[in-house]
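> First the structure, then my questions, so here it is.
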Amino acid sequence: MFLENTVNHKEQFGWIEVICGSMFSGKTEELIRRLKRAQFAKQRVEIFKPALDVRYDDEMVVSHDSNEIRSTPVPAAANIPILADNCDVVGIDEAQFFDDEIIKVCNDLANRGVRVIVAGLDMDFKGNPFGPMPALMATAEYVTKVHAVCTRTGNLAQYSFRKSKNDNLVMLGETDEYEPLSRAAYYKAMLNEKIKKLNVKDPEIITTKKSS
């Protein structure tokens, strides 16, 4: 259960909230919702995103459904504490693209009494834990896992399947490059990719060639 208040108000420590899931699962949308509520409450809010994320806008954090909030692009996690001075709430989008320093940054901010809200992909396109996300989820007080809808089965999707042939770990993209898949659909899709790479030939054709 996610709670936005604490019982012991004398405790000065903050906390970390992680919003994770696959592509198109609503991670950024949920991040923006929480941050806008904090802004409405007149709290001092700063939002950060990796400088490499320029899919929708250079400065705005934008969800797939075009909901947006102003942010500060930073090249590295170490820039965040300097820019987040005197904040009540710090939001960080696409956390999987940051270096491992983001783990220390988030914990240091929380220890200073800041509410830290982090959103990011929990797995890469190969189905492996993505960058600093596992450590952030382990140290966070609250973890919310959101799901997309599988484009092939209609079931809940937790995998981000890359449709292009690019094998780079980091590749920004939208529906042309990625689709959310359920476990069963992802397993079948990855199996088909392996078969294509093996270039398996019809055994009957091979037998015919040998006999001739």
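> Return the residues of the stretch 95-106 that are in a loop (DSSP other than H, G, I, E, B) and buried (at least 23 other Cβ atoms within 10 Å of the Cβ); say none if nothing qualifies.
Initial filter on the stretch 95-106 (in a loop (DSSP other than H, G, I, E, B)): 98-100.
Correct list: Phe98 only.
> Separate question: Hey, can you tell me all the residues within the stretch 91-115 that are under 21 Å from Phe130 (Cα atoms) and touching an Asp or Glu at 6+ places or on another chain (Cβ under 8 Å)?
Looking only at the stretch 91-115, we keep the residues that are under 21 Å from Phe130 (Cα atoms), and these are 91-107.
Residues satisfying the conditions are Gly91, Asp93, Glu94, Gln96, Phe97.
> Moving to a separate point now. Enumerate the pairs (first residue in the stretch 36-64 and aromatic (Phe, Trp, Tyr); second residue anywhere and loosely packed, with under 14 Cβ neighbours inside 10 Å and modelled with pLDDT of 90 or more) with beta-carbon separation below 9 Å, excluding pairs fewer than 6 apart on the same chain, so at least 6 apart or on different chains.
Final answer for the pair search is Phe48/Leu83.
> Considering the stretch 107-134 alone, what residues qualify as being more than 28 Å from Ala189 (Cβ to Cβ) and either touching a helix residue (DSSP H, G or I) at 6+ places or on another chain (Cβ under 9 Å) or part of a loop (DSSP other than H, G, I, E, B) (or both)?
Residues of the stretch 107-134 more than 28 Å from Ala189 (Cβ to Cβ): 107-118.
Scanning the stretch 107-134 gives Asn107, Asp108, Leu109, Ala110, Arg112, Gly113, Val114, Arg115, Val116, Ile117, Val118.
> If Phe2 passes every condition in (1) modelled with pLDDT of 90 or more; (2) under 30 Å from Ser182 (Cα atoms); (3) assigned to a loop (DSSP other than H, G, I, E, B) but one, which one does it miss?
Just one mismatch for Phe2, condition (1).
> Can you confirm whether Ala110 is crowded, with 16+ Cβ neighbours inside 10 Å, small (Gly, Ala, Ser) and within 30 Å of Pro81 (Cα to Cα)?
Working: crowded, with 16+ Cβ neighbours inside 10 Å: yes; small (Gly, Ala, Ser): yes; within 30 Å of Pro81 (Cα to Cα): yes.
It is true that Ala110 is crowded, with 16+ Cβ neighbours inside 10 Å, small (Gly, Ala, Ser) and within 30 Å of Pro81 (Cα to Cα).
> How many residues does the stretch 74-84 contain that are under 24 Å from Arg37 (Cβ atoms) and surrounded by fewer than 19 Cβ atoms within 10 Å (Cβ to Cβ)?
Initially, the stretch 74-84 is screened for residues under 24 Å from Arg37 (Cβ atoms), giving 74, 80-81, 83-84.
Still in the running and surrounded by fewer than 19 Cβ atoms within 10 Å (Cβ to Cβ): 74, 81, 83.
Of the residues in that region, 3 qualify.
> Within the group Phe13, Phe24, which residue is at pLDDT 60 or above, within 19 Å of Pro180 (Cβ to Cβ), aromatic (Phe, Trp, Tyr) and assigned to a loop (DSSP other than H, G, I, E, B)?
Numbers: Phe13 fails: within 19 Å of Pro180 (Cβ to Cβ).
Exactly one of Phe13, Phe24 is at pLDDT 60 or above, within 19 Å of Pro180 (Cβ to Cβ), aromatic (Phe, Trp, Tyr) and assigned to a loop (DSSP other than H, G, I, E, B), namely Phe24.
The values are calculated or read from the model by the stated rules, or taken from the named source; none is laboratory data. Just so we're clear, the structure is a prediction, and the values are computed from it rather than from any experiment. All Cβ positions, glycine included, derive from the backbone under ideal geometry; neighbour counts span all protein chains shown.
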